[in-house]
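Here is the structure we will look at, set down as structure tokens.
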Amino acid sequence: QVQLMESGGGSVQTGGSLRLSCAASGRFFSISTMGWYRQAPGKQRDLVARITGSGTSNYADSVKGRFTISRDNAKNTVYLQMNSLKLEDTAVYYCQLDRLGNVYWGQGTQVTVSS
């Protein structure tokens with residue numbers, strides 16, 4: 001059984017920064033692809049960033065140059081460093097673990113950006 005626990009969300013003003021963390025339980029974290037998704041009210045859940053077990057990452061165009069995804073396999077944790085936050089970054093952010101085609105989700109953490 002895999003459990004994902006996100007933390008680090010909160011409220012910040014435009015231009016500010018937040019760092020999200022997602023700690024995973026279970027085995028085979030190091031070979032799992034980890035992702036951050038977000039969902040704003042009334043919108044679908046969209047990919048923000050993903051990182052493979054080997055460290056290859058990709059980002060949504062809207063966050064390129066501002067967000068950085070990283071992972072610490074020794075701690076079974078993935079991070080999302082968010083800089084230069086904009087109003088449109090406001091959403092619930094979800095962590096995803098993809099292990100050999102089996103997908104697991106965290107409960108989500110709220111990020112609110114205000115002017």
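Say a paramagnetic label sat at a point 7 Å from the Cα of Gln107, along Cα to Cβ; which residues of the range 22-51 have their backbone N under 14 Å from it?
The answer is 23.
Largest first and to the nearest Å, give the Cα extent of the chain along each principal axis.
In descending order, the Cα extents are 42, 25, 22 Å.
Once Rh is set to the Kirkwood radius over Cα pairs, what Stokes-Einstein translational diffusion coefficient, in µm²/s, holds for the range 45-111 at a temperature of 37 °C and a viscosity of 0.692 mPa s?
Values: Rh = 12.9 Å.
Estimated via Stokes-Einstein, D reaches 255 µm²/s.
Please give the net charge around Gln107, taking every other residue with its beta carbon less than 15 angstrom from that of Gln107, where Lys and Arg add +1 and Asp and Glu add -1. Intermediate values should be presented prior to the final figure.
On the way: positive: Arg38, Arg45; negative: Glu6.
Taking every Cβ under 15 Å from that of Gln107, the sum is +1.
Would you mind checking which residues have amide H under 5 Å from Thr90's amide H? H placed 1.01 Å from N; only 5 or more apart, or other chain.
For Thr90, whose amide H was placed from the backbone, the distant partners under 5 Å are Val113.
By how many nm would the segment from Asn83 to Thr56 grow when fully extended, if each residue of separation counts as 0.36 nm and the alpha-carbon distance is taken off? Show your work: numbers first, answer last.
Values: separation 27, 0.36 × 27 = 9.72 nm, distance 2.02 nm.
Stretched out fully, the Asn83 to Thr56 stretch lengthens by 7.7 nm.
Using a 1.4 Å probe on the protein heavy atoms, what percent of the accessible area of the range 31-109 belongs to carbon and sulfur? Don't jump to the answer; show the numbers that get you there.
On the way: 1820 of 3940 Å².
Accessible surface attributable to carbon and sulfur in the range 31-109 totals 46 percent.
HN-Hα J couplings of the range 90-105 from phi, Karplus 6.51/-1.76/1.60, θ = phi - 60°, integer Hz, Gly and Pro as x?
4, 4, 8, 9, 10, 8, 10, 10, 10, 10, 6, x, 8, 10, 10, 10
The values are calculated or read from the model by the stated rules, or taken from the named source; none is laboratory data. Predicted, not measured: the structure shown is a model, and the values here were computed from it. Note that each Cβ is placed from the backbone with ideal geometry, even for glycine, and that neighbours are counted across all protein chains shown. With ligands, DNA and RNA removed, areas are computed over all heavy atoms of the protein, side chains included. Shrake-Rupley method; radii C 1.70, N 1.55, O 1.52, S 1.80 Å.
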